[in-house]
Number of protein chains: 2
Amino acid sequence: MKIETVKWVNGKIRLIDQTLLPHKLSYVMCRDIKTLWQAIRSLKVRGAPAIGIAAGFGVALGAKLSNARSPKNLEKDVNKVISYLATARPTAVNLFWALERMKRILLANKAKSVSGIKKALLKEAMDILKEDRSMCREMASFGSKLIKKGDTVLTICNAGALATADYGTALGVFYKARSQAKKIKVYSCETRPLLQGARLTTWELMMSGVDVTLICDSMAATLMQKKKIDKIFVGADRIARNGDAANKIGTYSLAVLARYHKIPFYVVAPSSTFDFSLKSGLYIPIEERPGCEVRRALGKRIAPDKVKVYNPAFDVTPNKLITGIVTEKGIFRKPYTETLKKLKSKVCA
Amino acid sequence: MKIETVKWVNGKIRLIDQTLLPHKLSYVMCRDIKTLWQAIRSLKVRGAPAIGIAAGFGVALGAKLSNARSPKNLEKDVNKVISYLATARPTAVNLFWALERMKRILLANKAKSVSGIKKALLKEAMDILKEDRSMCREMASFGSKLIKKGDTVLTICNAGALATADYGTALGVFYKARSQAKKIKVYSCETRPLLQGARLTTWELMMSGVDVTLICDSMAATLMQKKKIDKIFVGADRIARNGDAANKIGTYSLAVLARYHKIPFYVVAPSSTFDFSLKSGLYIPIEERPGCEVRRALGKRIAPDKVKVYNPAFDVTPNKLITGIVTEKGIFRKPYTETLKKLKSKVCA
């Protein structure tokens with residue numbers, strides 16, 4: 001994949017500005033933490049794994065920018081950065097997972113010198129990125145086994161290269177299937193209100209030569225009714241230990257429709273997206289975003305300015321509607337409360 | 001209702017240009033048939049009943065504009081207009097119903113003078129409008145009995161004053177319920193791609209003081225999951241004699257979601273929307289519209305210019321998912337193949 005969504009460049013964090021795609025491929029350079037925070041909040045960088053990676057680099061950048069002369073003062077500065085970045089967005093757990101990981105490194109290295117701590121933090125952030133890369137490949141390998149030659153698949157939002165450090169999660173499965181010469185056809189839900197499907201997924205897939213057709217979110221049902229969809233693959237922003245999965249708003253709708261039409265529904269996510277502390281999806285905090293995102297489409301006003309709006313950014317698909325969860329450690333199936341214990345033991349060793 | 005969607009004004013057809021709402025309330029004057037045809041095709045006038053009314057006036061206008069000096073030549077001219085207007089859009093049967101009705105008047109009056117025929121056609125077009133007005137009121141009376149005080153209802157597209165000569169179909173039910181002091185709350189699906197829900201339904205309801213909240217189409221499921229929706233009311237563009245109902249794309253999705261969440265799902269439509277010649281919804285022609293409607297949102301580009309698009313304007317909800325069909329002759333319920341025979345006998349006498 002030539003797309004480099006998040007990159008550490010000369011001591012700064014370089015992000016693809018995803019709000020400008022597909023019109024323009026341009027980058028935002030984060031030289032300070034506030035710029036990064038705003039980039040996360042405004043979805044310049046988005047996608048649960050990419051947010052985690054960006055946050056890891058954010059902590060490394062925070063350390064780098066600190067003028068502290070003692071390890072203790074550096075620790076204080078870095079902890080402030082960690083707390084601040086944790087407020088950028090509430091739902092994707094990869095953000096907190098990465099910050100937690102950076103915090104552990106901070107603790108483990110507090111006996112080192114100021115520059116030693118800074119180095120250790122940057123190394124950890126780099127590791128998060130590298131690990132995400134290999135997780136993408138592993139998920140894709142497992143997931144592509146679910147795809148038959150000639151399958152037509154459906155996805156929502158962007159769970160691709162723009163959401164990760166490599167291949168993507170759900171889209172990674174498609175890329176891998178394609179590399180195996182399983183000719184597939186992809187329908188991409190446009191994903192209102194912020195149109196990640198229309199803007200990002202179509203762009204990525206077209207660039208990679210994958211056959212993609214754009215639909216409005218409301219058109220998925222009629223395709224299923226006409227038996228045009230063989231399988232559905234989506235990403236996730238947070239998965240509870242019982243398998244309930246939060247993902248972009250509209251995902252739950254697809255899961256119910258899939259059940260009604262007897263279509264397999266798969267979630268693809270690395271272990272960093274699991275929140276084993278949560279018993280069920282009921283406890284996943286769901287971000288509500290400003291009404292103007294719905295009243296407008298990429299800045300164009302499409303509704304009365306004063307109309308009330310409900311704008312949840314995510315929904316929760318209950319485990320019973322999920323056929324399988326594809327992770328870098330394999331594919332997990334019902335009963336999730338049992339099977340995901342094995343995942344936990346593998347990754348929380 | 002102060003909204004006059006279609007009106008005969010000084011020998012011309014005046015339409016609210018619905019493509020400009022909610023930004024601007026302005027009118028298009030149809031002085032010739034081509035302008036009317038284009039207004040129908042481009043959704044300046046839309047909504048099955050309103051299309052029927054506009055088509056009726058179109059035939060009257062065609063007669064008025066004819067230079068024929070003999071009844072026979074006038075008949076030829078008018079028949080040409082009828083055939084031409086029938087090509088404007090394929091799905092809403094009210095268009096064909098109104099044209100058929102005008103054709104019958106033409107036949108029944110062919111012994112009259114040229115001016116006598118013209119008068120008879122204009123009177124019939126006026127009657128279509130007047131009848132639609134009273135049908136709206138009657139549907140609203142029946143439908144409002146389904147609504148309890150404090151209900152929260154969901155609708156899609158615009159089945160209101162802008163789709164009819166009066167109150168609307170689904171929205172008529174809400175207006176009536178409100179006039180009965182049943183405080184209701186309405187969620188309006190934005191209705192991609194052409195955003196009739198965001199642009200027209202919110203505008204109408206706000207103007208009438210009905211509590212309305214706008215959502216993206218993909219958000220309906222999460223509201224149902226949270227038990228926030230008591231009932232769903234939608235309009236229709238064509239209903240087969242078994243009760244299968246074509247309506248704006250996204251309706252079928254809502255019907256499946258309603259079934260899954262055990263929420264009553266009602267279709268509101270006048271008898272002019274029934275096509276008793278069709279055994280089932282399988283035979284309803286579904287209009288596919290240009291991809292640019294999806295690649296853009298009100299002119300703003302939101303996707304790669306060359307991405308493939310699937311853009312059906314309607315879908316078909318099978319009768320088994322419909323709790324009841326509200327008409328001006330009462331509410332019909334399963335088994336529709338039986339009960340709708342009664343409707344047919346009432347209106348096709």
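The values are calculated or read from the model by the stated rules, or taken from the named source; none is laboratory data. All of these numbers come straight from a predicted model, not from anything done at the bench. Please note: Cβ atoms are built from the backbone with ideal geometry, for glycine as well, and neighbour counts cover all protein chains shown. To get the accessible areas, we keep the full protein, side chains included, count just its heavy atoms, and leave off ligands, DNA and RNA. Shrake-Rupley method; radii C 1.70, N 1.55, O 1.52, S 1.80 Å.
Show me the trypsin sites (Lys or Arg not before Pro) within segment B:36-73 that DSSP assigns to loop and that have at most 11 other Cβ atoms within 10 Å of their Cβ. Walk me through the numbers before you get to the answer.
Details: sites: B:Arg41, B:Lys44, B:Arg46, B:Lys64, B:Arg69, B:Lys72; in loops: B:Lys44, B:Arg46, B:Arg69.
Loop-located and lightly packed - B:Arg69.
For the protein assembly as shown, which semi-axes, largest first and in whole Å, follow from the square roots of 5 times the eigenvalues of its Cα gyration tensor?
Taking √(5λ) for each eigenvalue gives 54, 24, 22 Å, largest first.
With each pseudo-label sitting 7 Å past Cα toward Cβ, what's the A:Lys80-B:Gln38 distance in nm, one decimal?
Output for this residue pair reads 6.4 nm.
I need the shape label for segment B:185-270. Rule: rounded when a/c is under 1.5, else prolate if a/b > b/c, else oblate, with a, b, c from the alpha carbon gyration tensor. Please report the intermediate quantities before stating the final value.
On the way: a/c = 1.62, a/b = 1.17, b/c = 1.39.
Oblate.
Using only the Cα atoms of segment B:223-349, build the gyration tensor, take square roots of its eigenvalues as a ≥ b ≥ c, and label the shape rounded, prolate or oblate: rounded if a/c is under 1.5, else prolate if a/b is larger than b/c, else oblate.
Working: a/c = 2.65, a/b = 1.53, b/c = 1.72.
Oblate.
Antiparallel as a % of all DSSP beta bridges within the protein assembly as shown, to the nearest 5?
Numbers: 40 of 82 bridges.
Percent antiparallel among DSSP bridges in the protein assembly as shown is about 50.
Please identify every one of the trypsin sites (Lys or Arg not before Pro) in segment A:144-196 that sits in a loop by DSSP and has no more than 14 other beta carbons within 10 Å of its own beta carbon. If you can, show how the numbers build up before the last one.
Working: sites: A:Lys145, A:Lys148, A:Lys149, A:Lys176, A:Arg178, A:Lys182, A:Lys183, A:Lys185; in loops: A:Lys145, A:Lys148, A:Lys149, A:Lys182, A:Lys183.
Answer by residue number: A:Lys145, A:Lys148, A:Lys149, A:Lys183.
Using all C-alpha to C-alpha distances in segment A:135-193, build P(r) with 10 Å bins and read off the rounded percent in each one.
Binned Cα distances yield the sequence 26, 55, 19, 1.
Could you work out the pair-distance distribution P(r) of segment A:7-149 from its alpha-carbon pairs, with 5 angstrom bin width and percents rounded to whole numbers?
Reading upward from the zero bin: 2, 10, 19, 21, 19, 13, 8, 4, 2, 1, 0, 0.
Can you give the Rg and Dmax of segment A:170-215 based on its C-alpha atoms, in angstrom?
Considering segment A:170-215 through its Cα atoms, Rg and Dmax are 10.5, 34 Å.
So if I place +1 on the C-beta of Lys and Arg and -1 on the C-beta of Asp and Glu, and nothing else carries charge, what would the dipole magnitude of chain A be about its Cα centre? I want it in debye, nearest 20.
Details: 62 positive and 28 negative charges, 60 e Å.
For this selection, approximately 300 debye.
Sort out for me the Cα centre separation of segment A:224-246 from segment A:136-173, rounded to whole Å.
Distance between centres, Cα-based: 12 Å.
Give me the accessible area of B:Glu124, 1.4 Å probe, in Å² rounded to the nearest 10.
30 Å²
Distance in nm between label sites at A:Ala68 and A:Leu20, each 7 Å beyond Cα in the beta-carbon direction?
3.4 nm
Could you check what % of the DSSP bridge pairs in segment B:169-281 are antiparallel, to the nearest 5? Show your work: numbers first, answer last.
Values: 2 of 12 bridges.
Around 15 percent of the beta bridges assigned by DSSP in segment B:169-281 are antiparallel ones.
Explain nothing, just the number: dipole magnitude of the protein assembly as shown about its Cα centre with +1 on each Lys and Arg Cβ and -1 on each Asp and Glu Cβ, in debye rounded to the nearest 20. Please list the in-between numbers first.
Numbers: 124 positive and 56 negative charges, 18 e Å.
Here the protein assembly as shown has a charge dipole of around 80 debye.
Solvent-accessible area of B:Ser26, probe 1.4 Å, all protein chains present, reported in Å² to the nearest ten, please.
Taking all protein chains as shown, B:Ser26 has close to 30 Å².
Roughly what % of DSSP beta bridges within chain A run antiparallel, to the nearest 5?
Working: 20 of 39 bridges.
Restricted to chain A, the bridges split so that about 50 percent are antiparallel.
Which order do you get for A:Ser345, B:Ser253 if you rank them by accessible area with a 1.4 Å probe, largest at the top?
Numbers: A:Ser345 80, B:Ser253 10 Å².
So, going from the largest accessible area down, we get A:Ser345, B:Ser253.
At B:Lys110, label 7 Å along Cα→Cβ: distances to the other copies, nm, ascending?
Shortest to longest, the spacings are 9.8 nm.
Please calculate the 1.4 Å probe accessible area of B:Leu15, with all protein chains present, and give it to the nearest 10 Å².
Using a 1.4 Å probe on the heavy atoms, I get roughly 0 Å².
With +1 on the Cβ of every Lys and Arg and -1 on the Cβ of every Asp and Glu, and nothing else charged, how large is the dipole of segment A:205-349 about its Cα centre, in debye rounded to the nearest 20? Please list the in-between numbers first.
Values: 25 positive and 13 negative charges, 65 e Å.
I would put it at about 320 debye.
Treat each spin label as a single point 7 Å out from the Cα along the C-beta direction, and report the B:Lys320 to B:Lys226 distance in nm.
3.2 nm
Rg over Rh of chain A, using C-alpha atoms and the Kirkwood radius, what does it come to? Could the numbers behind the result be given before it?
Details: Rg = 19.8 Å, Rh = 20.4 Å.
Using only Cα positions, Rg/Rh for chain A is 0.97.
When the helices in chain A are scored as -39500 (n - 2.57) per DSSP H run of 4 or longer and the sum is shared across all residues, what 222 nm value do you end up with, to the nearest 500 deg cm²/dmol?
Working: 11 runs with 137 residues, N = 349.
Per the formula, -12500 deg cm²/dmol.
Filter the DSSP H helices in chain B by two things, a Kyte-Doolittle mean of at least 0.0 and an axial alpha-carbon span of 24 angstrom or more, and list the hits by number. Before the final figure, lay out the partial values.
Numbers: long enough: B:48-65 (25 Å, 1.52); B:114-144 (45 Å, -0.16).
Those that pass (Cα extent of 24 Å or more, hydropathy at least 0.0) are B:48-65.
Expected output is a single nm value to one decimal: the length gained when fully extending between B:Tyr27 and B:Glu287, i.e. 0.36 nm times separation in residues minus the C-alpha distance. What is it? Show your work: numbers first, answer last.
Details: separation 260, 0.36 × 260 = 93.60 nm, distance 2.58 nm.
Contour length minus the Cα-Cα distance gives 91.0 nm.
Return an integer: the convex hull volume of the alpha-carbon atoms of segment A:90-155, in Å³ per residue. Could the numbers behind the result be given before it?
Working: hull volume 6.8 nm³, N = 66.
In segment A:90-155, the Cα convex hull volume per residue is 103 Å³.
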